[in-house]
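Below is one structure; the comments refer to it alone.
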There are 2 protein chains.
Amino acid sequence: MTNRQIVLDQIPQGKLTPEHFRLTEGETPSPGEGEVLLRSRYISLDAANRAWMQGATYRSALQGGQVMAGGGLSEVVESNVGHLKPGDLVFADAGWQEYATLPGKHLSKLPDLKPETHLLSVYGIAGLTAYFGLLECGQPKAGDTVVVSAAAGSVGSIVGQIAKIKGCRVVGIAGGEEKGRWLTEELGFDAAVDYKSAEFKRRLREAVPDGIDVYFDNTGGDVFEACLFAMKNHGRIACCGALSQYDGAPPPHGPRGIPGLIVTKRLTLRGFVVMDFAAQNDKALSDLQAWVASGQLKVQEDVIDGLENLPQALIGLLAGENRGKRMVRV
Amino acid sequence: MTNRQIVLDQIPQGKLTPEHFRLTEGETPSPGEGEVLLRSRYISLDAANRAWMQGATYRSALQGGQVMAGGGLSEVVESNVGHLKPGDLVFADAGWQEYATLPGKHLSKLPDLKPETHLLSVYGIAGLTAYFGLLECGQPKAGDTVVVSAAAGSVGSIVGQIAKIKGCRVVGIAGGEEKGRWLTEELGFDAAVDYKSAEFKRRLREAVPDGIDVYFDNTGGDVFEACLFAMKNHGRIACCGALSQYDGAPPPHGPRGIPGLIVTKRLTLRGFVVMDFAAQNDKALSDLQAWVASGQLKVQEDVIDGLENLPQALIGLLAGENRGKRMVRV
């Protein structure tokens, strides 16, 4: 069996392009002791994929020449561990390839939830990130004004809907009028603000006339700065990502108002990674399933076919072309 | 009776100079209904005095032509409220003048603690700021590495000593070798780093080889950025002030690494103002008194004589010439 793979050929210095990747074919590996052989079904596209190319984060920096890293939904083909059998689905850091062997001990069988793509979106990292980031780091109360950036993305679209479920007034920041209409008309956001507008700062202020209680930040940069200046006293900022800063050289400066506004407004900023809350996953999944079942939480997925389309799918995600959770069916 | 006053004649645009102030004499006011007449005994000098000139903070911005604002230890001379009588000491926002009338309802009689200057230092805003900022926002555990900036100042010198009492390893950042020796030899800090050194960043790294668990920030700016990059995963930053940014125009940019490092290191940054914790003042004062009595907490005060010396005392404080709590005896 051949194993089609996408190799990250070179670490980009500026913007990521298709030329940084190369499609290749390797041998399908055999699982050793304690290992499983996995076949990729859906590979998740995430802004963090690009951040891993910039340097060490919560994982080591990627190196040129390696199979591109990425998580996804995989099916167990062969198993040398007792708790997994062929046909089981797992979430695995299997990379951009058809087949991979991995140690079985960190893998666990996913629950039988349908459609299975939801295991990568609302019941996967995106949904859990939205859930824990908003509720644990943001601590929203009913009546609070919650703002989320990259609001039409996989995490942001769920953050806003959970905030609505919790009784908050929700403003989404996204690129373009069309995404804004989708957020307000389909997902129930109270307002949307286009960060690409020349009037962005004024429109943000108009959308939050009394200020922001909770800001869920996916972007960093100018959007972060604008929200920082609009925070209420005792506001909370959940720091989830810095999408605006991944695809290119790191910016030479940070946002103004740090740390002065943190002090005078008595803000709390908290960075998090979803794994930090793994002990609470059961409660989170139970809530998310109930909200999906009741129709309070709508799940938007953006599924692209073909392993060979992974590079363009990531590049497009970084340019903001997706709505909801983007993944590639292998 | 005449009432000598220091008026803030003009709001400074760049560095604060003596020419921004003017000494004048007014009439001593008479207390109205519900008011008290106060005589200033000691006026507190704080970096925040300069921040108030930049714009609204947790109080309205100062205006040119007003008596300079400032808190201090005052004695009640006449009282039209039942809970205060002549001779009582209060902490009051009475401004830079000999006499002031204020509504009595927000004033309370201070406990009879000696020396009375301690009511402005370790048992006043400086001590409580150090206590709550470190323990509530910093959440230090025994064995943690705690770093504090403006470490020889009124707040920083107490922060470092409380951290030692709590079993932490403590590194102070201060300007100059002499202050550093005072911190390590007199106050028991484990190390000191001179931020004015051309080798500052390297020396900071050497002083915290395993990274920083808790950073108590009094300065913002380059020192904040250097500490941010040296934080451990799950570290906490208590944002207390931005001393480096008060005396001049606000900087055009903030520190690098925001919000990226907050996310990847899962940091918590929390801004605070001492009044937020007023409900816990009794416990804090009881701890502080016990530590002073046992000799574990040394109190350094820098008392300057004469109301007319207030402008120069503040300008010198902003230049870092003080050790411990600076105040002017009126």
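So is B:Lys283 in a loop (DSSP other than H, G, I, E, B) and of a type in the set (Lys, Arg) or not? Quick ask: steps written out before the conclusion?
Values: in a loop (DSSP other than H, G, I, E, B): no; of a type in the set (Lys, Arg): yes.
No; evaluated as a whole, the condition is false for this residue.
Among the conditions (1) more than 27 Å from B:Arg41 (Cα to Cα); (2) among the small types (Gly, Ala, Ser); (3) more than 19 Å from the chain's Cα centre (by Cα), B:Ala279 misses just one, which is (1).
Against the definition (surrounded by fewer than 21 Cβ atoms within 10 Å (Cβ to Cβ), without any contact (Cβ under 8 Å) to a residue 40 or more places away in the chain, outside any loop (DSSP other than H, G, I, E, B) and assigned by TED's automatic domain parsing to the domain that holds B:Tyr58), how does B:Asn309 come out, yes or no? Against the criterion (surrounded by fewer than 21 Cβ atoms within 10 Å (Cβ to Cβ), without any contact (Cβ under 8 Å) to a residue 40 or more places away in the chain, outside any loop (DSSP other than H, G, I, E, B) and assigned by TED's automatic domain parsing to the domain that holds B:Tyr58), B:Asn309 qualifies. Name the single residue that is surrounded by the fewest Cβ atoms within 10 Å (Cβ to Cβ) among those in the stretch A:224-250 being small (Gly, Ala, Ser) and more than 9 Å from chain B (Cβ to nearest Cβ). The qualifying residue surrounded by the fewest Cβ atoms within 10 Å (Cβ to Cβ) is A:Ala249. Looking at the stretch A:51-83 only, could you name the residues that are of a type in the set (Gly, Ala, Ser) and in contact with a Leu (Cβ under 9 Å, 6 or more places away or on another chain)? The answer is A:Ala51, A:Gly64, A:Gly65, A:Ala69, A:Gly70, A:Gly71, A:Gly72, A:Ser74, A:Ser79.
A:Tyr215: farther than 25 Å from B:Leu243 by Cβ, within 13 Å of chain B (Cβ to nearest Cβ) and of a type outside the set (S, T, N, Q), yes or no? Considered against the rule, which asks whether it is farther than 25 Å from B:Leu243 by Cβ, within 13 Å of chain B (Cβ to nearest Cβ) and of a type outside the set (S, T, N, Q), A:Tyr215 comes out as yes.
Does at least one position in the stretch A:251-261 carry a residue that is away from chain B (no Cβ under 13 Å) and in a loop (DSSP other than H, G, I, E, B)?
No.
Once the stretch A:272-303 is narrowed to residues that are free of Cβ contacts under 8 Å to residues at least 40 places away in the same chain and not hydroxyl-bearing (Ser, Thr, Tyr), the residue that is nearest to the other protein chains (Cβ to nearest Cβ) is A:Ala278.
The values are calculated or read from the model by the stated rules, or taken from the named source; none is laboratory data. Since the model is a prediction, treat every value here as computed from it, not as a measurement. Every residue, glycine as well, gets a Cβ built from its backbone with ideal geometry; the counts of neighbours run over all protein chains shown.
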